[in-house]
Amino acid sequence: MKINKVLGVGLSAIIVISIGIVMLGKNYFDKREKMNIDSVMISNIMDIHSKMYANALEISVTEAEKKMAIVFDGMTLDELAAKLDRYLKDDLAGKGYLYASYSLELGVNPYLSVAISMHETGCKWGCSKLLKTCNNVGGQKGQPYCNGGSYKGYDTLDDGIRGFIYNIYANYYAYGLTTPEQMNPKYAADTRWAYYVNKYMDEIKQI
């Protein structure tokens, strides 16, 4: 009887100890697994941050390279825009960057686009009513008509500048008409139009 009691107590103790060992072991491995998962997560986060930093650095370098790149007539884009701004007057003042960037984007000579605008609008002395009321910077005709007339209207001045430069690209450059002389017969009835546009271009170059 006593022996059975002792054996029972001993067996119970062994079971309790075994359960304890199993629980400790499970807790240990659970912690190890969690540590491994945490390590993987930390590693992934560090990798993501490293890539983000590398991308940001690459973008910064790319932007810096763009700013330093020679884009036209020995100038960077910012230098060209500043040059055009020194010539643009009245309502067109401060639009040098738009003329420069969009002209170059379409492969149009920025001096030419500015020269035509200055000639068509008279902004050297005071911009025309067509520009002020219709945002038309190139004397273009067509729809949507502005104020019931035959000239084209734009919602904003920036839209008008882009539309004007695109018109040069699509209706002149696309057909090999890239100089004032080549454009004159199609652009204006005045046979001296090319002469005036060239004169403006020379002034822009020298400014």
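Every number here is computed from the coordinates shown, using simple stated rules; none is lab data. Because the structure is a prediction, the values reported are computed rather than measured. Neighbour counts are summed over all protein chains in view; Cβ atoms, including those assigned to glycine, are modelled from backbone coordinates with ideal geometry.
With θ taken as phi - 60° and the Karplus curve 6.51 cos²θ - 1.76 cosθ + 1.60 applied, the whole-hertz 3J(HN,Hα) list for the stretch 197-207 is 5, 4, 4, 4, 4, 4, 5, 5, 4, 8, 6 Hz, x standing for glycine and proline. In terms of overall dimensions, the C-alpha atoms belonging to the stretch 72-206 reach 44, 29, 27 Å along their principal axes, ordered largest to smallest.
Could you rank the peptides 135-143, 173-181 by their average count of other C-beta atoms within 10 Å per residue, with the highest value first? It would help to have the intermediate numbers written out before the result.
Working: 135-143: 18.9, 173-181: 14.8.
Most protected by this proxy first, the peptides run 135-143, 173-181.
Over 23 Å between Cα atoms: which of 67/89; 67/205; 67/152; 67/124; 67/199; 124/205 fall into that group? In this structure, 67/89; 67/152; 67/124; 67/199 lie more than 23 Å apart at Cα.
Ordering 145, 164, 101 by Cα displacement along the dipole of the stretch 100-187 toward the positive end leaves 145 in first place; charges were set at the Cβ atoms of Lys, Arg (+1) and Asp, Glu (-1).
Sorted from greatest to least, the principal axis extents spanned by the alpha carbons of the stretch 120-189 come out as 32, 27, 22 Å.
Taken along the Cα-to-beta-carbon direction at a fixed 7 Å, the label points for residue 147 and residue 182 span 3.5 nm.
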